[in-house]
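Below: the structure, in structure tokens.
The values are calculated or read from the model by the stated rules, or taken from the named source; none is laboratory data. Keep in mind the model is a prediction, meaning the values are calculated, not measured. Every residue, glycine as well, gets a Cβ built from its backbone with ideal geometry; the counts of neighbours run over all protein chains shown. Note: areas computed on protein heavy atoms with side chains; ligands, DNA, RNA excluded. Shrake-Rupley method; radii C 1.70, N 1.55, O 1.52, S 1.80 Å.
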Amino acid sequence: TNVSYFESLDSTNPCGEIPLPSYANCCLGHVNLANMVLDGDVDWKRLAKTVRAGVRFLDNVLTVNLFPTPECREAGHRSRRIGLGILGYHHMLIQLGIVYGSEKCLEFTERLMETIRNEAYLTSIYLSREKGPFPAFDAKKYLKEDFARTLSPRIRMLIKEHGIRNAVMLTIAPTGTISMVMGVSSGIEPIFSAIYKRRYRKANAWEETIVLDPLFREYLRQGKPLEAFVGAYDIAPQDHIELQATVQRYIDSAISKTINLPSTAKPEDFEESAMDYASDMKGITVYRASSKPNEPLEAIPLTAANIKKYSSEESETGIETGAVCT
């Protein structure tokens, strides 16, 4: 993470998306990418405008926030650390006809995340020009940091000239509850499955219901192609890992993401990919199907017979991912 020259990072928040020094806090907000598709393409202008608004909003939160202790306030203002992230990533891919984890997906994600990173950093530079840089800012030391070295020459020049308002500003949180409220996929996770069985306890008995992803249900009604509706366990572990590593290159904090493995998986099935990309990631979470009894979710294969059967039956509409931390 950037600005390690003035603070030691002692821990992360519970889901691992932000390494933090003592008494520091995570001030999070998220861009809904599912709302950034217009006529089959990304509305790049709207995305840029939303990222800029998000950085300003979170920086203002730090200013008006009532911190629980003086130490928390001091840590928060010393670096003005924020965490702008995303949700609805997989739903965006589906709307664009891009299969999660494919080569086309990785190429698109490079452009997407570079745009988000650049707009966030430019906004923080403009805020620094308006209100001043974060108190611990030192241009020479800051620009020597590993992440700062990946920024474009123009952005580095502007940081040297005007400073930067926020030491760290980007993260990928799980957004589990928020994504369910919004009805979109969470974080950079794939949907758990287009159709799945949800188990839950009611009184002293286990009950089950069939759930359809809301975008999948919409596509069924409109007769749109369904090829991009791959679920968490349809994606090869190495593709999960490569996508996380791709996103991490443009995120100055960290990423909360789960690598979903089938119940038959062995360590050697993913350890080579994990080691190949270990230097590009700040953490990795793995979940092997059937690791615990009575799992609440069970993916239903997306066959023509299952689509016909379950789309005609009474079922719920909901969002669920394969993420461990929600």
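Assorted remarks:
- Of the residues making up region 36-63, those that are in contact (Cβ under 8 Å) with a residue 12 or more places away in the chain and either of a type in the set (Ser, Thr, Tyr) or open to solvent by less than 40 Å² (accessible area, probe 1.4 Å) (or both) are 36, 37, 42, 47, 48, 50, 51, 54, 55, 58, 59, 62.
- Filter result (within 12 Å of residue 160 (Cα to Cα) and in contact with a Lys or Arg (Cβ under 7 Å, 6 or more places away or on another chain)) within region 116-147: 128, 133, 139, 143
- Unique residue being within 17 Å of the chain's Cα centre (by Cα) and of a type outside the set (Val, Ile, Thr) when the list is 65, 32: 32
- Residue 126 being in a strand (DSSP E or B), farther than 24 Å from residue 257 by Cβ and open to solvent by 10 Å² or more (accessible area, probe 1.4 Å): no
- Boolean, residue 273 is open to solvent by 70 Å² or more (accessible area, probe 1.4 Å), modelled with pLDDT under 90 and either of a type in the set (Ser, Thr, Tyr) or touching a helix residue (DSSP H, G or I) at 6+ places or on another chain (Cβ under 6 Å) (or both): no
- Boolean, residue 112 is open to solvent by less than 10 Å² (accessible area, probe 1.4 Å), within 25 Å of residue 177 (Cα to Cα), in contact with a Cys (Cβ under 8 Å, 6 or more places away or on another chain) and assigned to a helix (DSSP H, G or I): no
- Some residue of region 13-30 being open to solvent by 50 Å² or more (accessible area, probe 1.4 Å), under 27 Å from residue 108 (Cβ atoms) and among the charged types (D, E, K, R): no
- Scanning region 256-280 for residues that are touching a residue at least 40 places away in the same chain (Cβ under 8 Å) and either among the acidic types (Asp, Glu) or farther than 15 Å from residue 233 by Cβ (or both) returns a single hit, 256.
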